[in-house]
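Asker: Below is the structure I would like to discuss, written out as structure tokens.
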Amino acid sequence: MKYFKNIFFLITAILGTHTSIHAIPTFELFNKSRGNIVVSVECGSIKFRSFPIRPQGKLTEEDTIDSTKTITLTIDDNDLKKQFKFSINQRPNRQVTTYLTWNPAKKPSLYPQTGPLIGLAGKTESGLSLKNNVKSSDISQKQ
């Protein structure tokens, strides 16, 4: 019986460790436009590939976006046939998340996610905490 308890404890410990290995995403972009968009992401000197996002779709990145460096986003909106560039200024020495929403029907078109129920839940639609999310003042549109 003691042998089975030890095996059970070992399996539980392994499974618990395995589920905690997955990192919490530091970047998410939710597309609320009517059309497809293509997003290019730069963080510091690192340029990521372009990511297509369908309407009501999202881009989530784990462990690849350094939340202490400035992020440059280029959004190609296929519906509007326009390209938009944004800079998200991060705060050095402070880990923040960058959970954003793209909705060209609103002004500004790129803004921090609020989540369901006007943000009362304190989480994004994906269930990510908004506690350390970027602020509207951190986002600026480039010409």
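Asker: List the number of the failed condition for Glu42; all other conditions in (1) free of Cβ contacts under 8 Å to residues at least 40 places away in the same chain; (2) surrounded by fewer than 14 Cβ atoms within 10 Å (Cβ to Cβ); (3) among the acidic types (Asp, Glu) hold.
Answerer: (2)
Asker: Please list, ordered by first then second residue, the pairs with beta carbon atoms under 6 Å, 6 or more apart or interchain, first in region 58-85 and of a type in the set (Phe, Trp, Tyr), second not in a loop (DSSP other than H, G, I, E, B).
Answerer: Correct list of pairs: Phe84/Ile75.
Asker: Can you tell me which residue in region 114-136 is surrounded by the most Cβ atoms within 10 Å (Cβ to Cβ), limited to those that are among the polar types (S, T, N, Q) and either out of contact with any strand residue (DSSP E or B) (no Cβ under 8 Å at 6 or more places or on another chain) or touching a residue at least 24 places away in the same chain (Cβ under 8 Å) (or both)?
Answerer: Thr124
Asker: Can Tyr111 be described as surrounded by 17 or more Cβ atoms within 10 Å (Cβ to Cβ), assigned to a strand (DSSP E or B) and aromatic (Phe, Trp, Tyr)?
Answerer: Taking the combined requirement at face value, the residue does not satisfy it.
Asker: Something else: Would you pick out the residues in region 79-103 that are in contact with a Leu (Cβ under 9 Å, 6 or more places away or on another chain) and either buried (at least 20 other Cβ atoms within 10 Å of the Cβ) or of a type in the set (A, V, I, L, M) (or both)?
Answerer: Selection gives Ile88, Thr97, Thr98, Tyr99, Leu100, Thr101, Trp102.
Asker: Right, next: Kindly indicate the residue of region 133-143 that is polar (S, T, N, Q) and over 12 Å from the mean Cα position of the chain (by Cα) and also farthest from Thr26 (Cα to Cα) among those meeting that condition.
Answerer: So the residue we want is Gln143.
A short reminder: the numbers here are calculations on the coordinates, not readings from a lab. These numbers were taken from a predicted model, which means no experiment stands behind them. Because the Cβ atoms are built from the backbone with ideal geometry, glycine has one as well, and the counts that use them run over all protein chains shown.
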